[in-house]
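All remarks here apply to the structure that follows.
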Amino acid sequence: MQQAYLPRSSSFGRFQMVLMSPLLVVALSLTLTRQQGNANSFQSRVLMPAAQSPAWVPTIAQSSIPVTITRQGGQVKVNGRTLSIPWSQRQDSLGVADAGLISAIGVDLLDTNDGNQQPIAWYSDQRSTPLILSSWLTQQYRYLDIGTLAQQFGWQTEIQGTTLQITTPAAQVITLRQGSQTWGDRIVVDLDRATPWQVDEQRGETIVTLDAQIAPALISGFRGRAGKQIKTLSVEANGNRTRLRISHSNTLRPRVWSLNHPDRLLIDLRSDAMVERTIQWAPGITWQQRWVTIGSGQFPVIGLEIDPTQPGVSLKPILSSPSGNIGTAPLFSTAQRSQVAAAINAGFFNRNNQLPLGAIRNNSRWISGPILNRGAIGWNETGDLKVGHLNLQETLTTATGQKIVLQSTNSGFVGAGVARYTPDWGRQYTPIIDAETLITVRNNQIIDRKLVAKAGQIKLDIPTDGYLLVVRADQDQLNLLLPGSQVQIEATLQPEAFDQYAQILGAGPLLIQDRRMVLNPESERFSTNFIQEAAVRSVIASTTEGTLLLLTVNNRAGGSGPTLAELAQIMQRLGVVNALNLDGGSSTTLYLGGQILNRASSSAARVHNGIGVYIQP
């Protein structure tokens, strides 16, 4: 009994991450892996469009030679369960998206600095003899060759149309055990052989399902009990599967992992369950997880390091709606529709009307204009970037020389004055508040104006050869904008240096600029409640090596997420050059290749926009 409950090795200490070279990060991470074993399981639902006919599918690899995908599909059936998981076949290799192997089988990815060779843990000694699977990439997914797993564990595979069927040998639960540790609770499931498992995470409950039968006498003889982290524990049989239901605090994410000799599944409920890792997922994309300590708090930081100078790698804003600025969706769905390999949620938005509240510039087009001189980041294809407070001032000049400073451009942020909406906002404009006057401008001439009494009452086309002016609670300005009048628009971006960046994303507050903490949320007109709130956070940052970091900071061990002040300290501890806070809380979502890395996918809120990472051959 005592041998089954393996305490965490004392060598698995927290370390404060500082900026270091990629080689040193990998070396240190691999050392930690050898000391403690590195396994964790992230569960998410993986979606893929219907499979296309066999074709040359471009991949990114260390060489420039294209790889032939001979067959591919979007469904995998594991022991009779049909799941939406991408798979592909190239030559004699059969691969499943790594996110699918994690969610459907329980495979865990170990540290690697070689994106073509992925060490994994699955009922194996991860410290000395991890299994090594070869991999290949398409635009959205990384596939791991399952041949080694099939051969070593006796899997049977069969392709039926667009469905890959995987059948594993029948397994049996031998014993169930529960015990308390200094750090929390552990549940051990002893098995007669290795078998897949799945984890379903809901708020305050984790359901672990094993593809293994359990005897009724074993269920009746097991008495699950409350522990340090466990509130309730029950076991049930479901045909050839065994299901464990565990209730716990809403913020807890258990660690589920496996060991061999004998084969067994371990479920650890602890506030510091996140495992540190460094995985080169693709050329130019590295997945990292670190614990960062500031004061008495230990914070799990999960992020992606992106090298924008890597050939084929680019970052762009992505929107939840393909047809305009109105709408929200889970980042998971937006990332898949946008066909990106990775993404993070980005700017603020209004959850009620689903409109953006801050700068979104894509390919030099203002999808949404900046507001309130808040923090923003701009970047280009060569890897150059600019971070600072951003303001776009547009001035309208009438035929009589009178000037009107516009209140906003393409924005859901409304106030008294005149706002402008261009075709980059979408095909149509819907009044946001009551008593708006909509003025149609075509070829720099006012064509028409219309008073709309109620918000949402009509939809007015935005002319492709002009724009709409929207006047709110400003009769003096309205009197200057008469049908038939000629008008001109002049735009000034402050600071002017931002204008050279085709991609800009605004959020705030600004945390770090040129290695200095510059946090001043009051100057960016954030509310007191927002400033003082402790919540999970999303950040975009830059490093001395010229890479970009897409980071999420989750709840501290045994407590809440960071305040803005703590977040700035965490960024300083990481050694970043610049850092900008993004939308946070329930919006905080980090996506990679078909999985959500930082939270249970069921807990991620719908968001308006994100930053997508594209990979191309």
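Residue-by-condition table, conditions (1) part of a strand (DSSP E or B); (2) β-branched (Val, Ile, Thr); (3) more than 15 Å from Asp263 (Cβ to Cβ); (4) at pLDDT 95 or above:
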{"position": "Ser124", "(1), (2), (3), (4)": "no, no, no, no"}
{"position": "Leu144", "(1), (2), (3), (4)": "yes, no, yes, yes"}
{"position": "Thr157", "(1), (2), (3), (4)": "yes, yes, yes, yes"}
{"position": "Leu164", "(1), (2), (3), (4)": "yes, no, yes, yes"}
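Being under 19 Å from Ile367 (Cα atoms) and not aliphatic (A, V, I, L, M) is the filter here, so list the residues in segment 417-439 that pass it. Full working, then the answer.
The first filter runs over segment 417-439 and keeps only residues under 19 Å from Ile367 (Cα atoms), leaving 418-432.
Once the filter is applied, which keeps residues that are under 19 Å from Ile367 (Cα atoms) and not aliphatic (A, V, I, L, M), segment 417-439 yields Arg420, Tyr421, Thr422, Pro423, Asp424, Trp425, Gly426, Arg427, Gln428, Tyr429, Thr430, Pro431.
For Asn362, are the conditions met, namely being crowded, with 16+ Cβ neighbours inside 10 Å and closer than 28 Å to Gly312 by Cα?
yes
From the list Ile512, Ile489, exactly one residue is in contact with an Asp or Glu (Cβ under 8 Å, 6 or more places away or on another chain) and not in a loop (DSSP other than H, G, I, E, B). Which is it?
Values: Ile512 fails: in contact with an Asp or Glu (Cβ under 8 Å, 6 or more places away or on another chain).
Going through Ile512, Ile489 in turn, just one is in contact with an Asp or Glu (Cβ under 8 Å, 6 or more places away or on another chain) and not in a loop (DSSP other than H, G, I, E, B): Ile489.
So which strands (runs of 3 or more DSSP E) stay within segment 574-617 end to end and still have 2 or more residues that are crowded, with 24+ Cβ neighbours inside 10 Å, aliphatic (A, V, I, L, M) and over 9 Å from the mean Cα position of the chain (by Cα)?
578-581, 609-615
Quick one: is Thr278 in contact (Cβ under 8 Å) with a residue 24 or more places away in the chain, surrounded by fewer than 22 Cβ atoms within 10 Å (Cβ to Cβ) and farther than 30 Å from Ala502 by Cα?
In short, no.
Scan segment 489-506 residue by residue and report those that are closer than 18 Å to Ser408 by Cα and either surrounded by 11 or more Cβ atoms within 10 Å (Cβ to Cβ) or under 28 Å from the mean Cα position of the chain (by Cα) (or both).
Result: Ile489, Ala491, Thr492, Leu493, Gln494, Pro495, Phe498, Asp499, Ile504, Leu505, Gly506.
Look through Gly508, Gly417 and report the one residue that is on the phi > 0 side of the Ramachandran plot and touching a Gly at 6+ places or on another chain (Cβ under 7 Å).
Unique residue meeting the criteria: Gly508.
Which residue, of Ala399, Ala335, is under 20 Å from the mean Cα position of the chain (by Cα) and of a type in the set (A, V, I, L, M)?
From the options Ala399, Ala335, the qualifying one is Ala335.
Quickly run through segment 177-198 and pick out the residues that are assigned to a strand (DSSP E or B), aliphatic (A, V, I, L, M) and buried (at least 21 other Cβ atoms within 10 Å of the Cβ).
Within segment 177-198, Ile187, Val189, Leu191 qualify.
Among the numbered criteria (1) more than 25 Å from Val576 (Cα to Cα); (2) part of a loop (DSSP other than H, G, I, E, B), which one does Thr395 miss?
Every condition holds for Thr395 apart from (2).
For segment 462-486, name all the residues that are in a strand (DSSP E or B) and in contact (Cβ under 8 Å) with a residue 60 or more places away in the chain. Show your work before the answer.
If we filter segment 462-486 for residues that are in a strand (DSSP E or B), which is where we start, we get 466-472, 486.
Listed by number, the residues that qualify are Leu469, Arg472, Gln486.
How about segment 129-148: which of its residues are in contact with a helix residue (DSSP H, G or I) (Cβ under 8 Å, 6 or more places away or on another chain) and not basic (Lys, Arg)?
If the condition is that a residue be in contact with a helix residue (DSSP H, G or I) (Cβ under 8 Å, 6 or more places away or on another chain) and not basic (Lys, Arg), then Leu131, Ile132, Leu133, Ser135, Gln140, Tyr141, Tyr143, Leu144, Ile146 are the ones that fit.
In this structure, does Val518 turn out to be free of Cβ contacts under 8 Å to residues at least 12 places away in the same chain, among the β-branched types (Val, Ile, Thr) and under 20 Å from Leu372 (Cα atoms)?
Taking the combined requirement at face value, the residue satisfies it.
Among Arg442, Arg374, Arg420, which is among the charged types (D, E, K, R), farther than 26 Å from Gln500 by Cα and out of contact with any helix residue (DSSP H, G or I) (no Cβ under 8 Å at 6 or more places or on another chain)?
Being among the charged types (D, E, K, R), farther than 26 Å from Gln500 by Cα and out of contact with any helix residue (DSSP H, G or I) (no Cβ under 8 Å at 6 or more places or on another chain) holds for just one of Arg442, Arg374, Arg420, which is Arg442.
Mind checking whether some residue in segment 421-429 is of a type in the set (S, T, N, Q) and touching a strand residue (DSSP E or B) at 6+ places or on another chain (Cβ under 8 Å)?
yes
Could you check, for segment 403-417, whether at least one of its residues is free of Cβ contacts under 8 Å to residues at least 12 places away in the same chain and either within 27 Å of Gln477 (Cα to Cα) or within 22 Å of the chain's Cα centre (by Cα) (or both)?
In the first step, residues of segment 403-417 are kept if they are free of Cβ contacts under 8 Å to residues at least 12 places away in the same chain; the result is 403.
Next, only the ones that are either within 27 Å of Gln477 (Cα to Cα) or within 22 Å of the chain's Cα centre (by Cα) (or both) stay: 403.
Within segment 403-417 (the criterion being free of Cβ contacts under 8 Å to residues at least 12 places away in the same chain and either within 27 Å of Gln477 (Cα to Cα) or within 22 Å of the chain's Cα centre (by Cα) (or both)), the answer is yes, since at least one residue qualifies.
Any idea how many residues of segment 435-453 are exposed (fewer than 13 other Cβ atoms within 10 Å of the Cβ), of a type in the set (A, V, I, L, M, F, W, C) and within 20 Å of Thr395 (Cβ to Cβ)?
Residues that pass the stated criteria total 0.
Pick from segment 366-413 the residues that are touching a Leu at 6+ places or on another chain (Cβ under 8 Å) and among the basic types (Lys, Arg): which of them is surrounded by the fewest Cβ atoms within 10 Å (Cβ to Cβ)?
Ranking the qualifying residues of segment 366-413, first place goes to Lys403.
Run down Ser527, Ser523, Ser542 and say which single residue is surrounded by 15 or more Cβ atoms within 10 Å (Cβ to Cβ), over 18 Å from Leu590 (Cα atoms) and of a type in the set (Gly, Ala, Ser).
The match here is Ser523.
The values are calculated or read from the model by the stated rules, or taken from the named source; none is laboratory data. The shown structure was predicted, so the numbers you read here are calculated from the model rather than taken from an experiment. Glycine also receives a Cβ, built like all others from the backbone with ideal geometry; neighbour counts cover every protein chain displayed.
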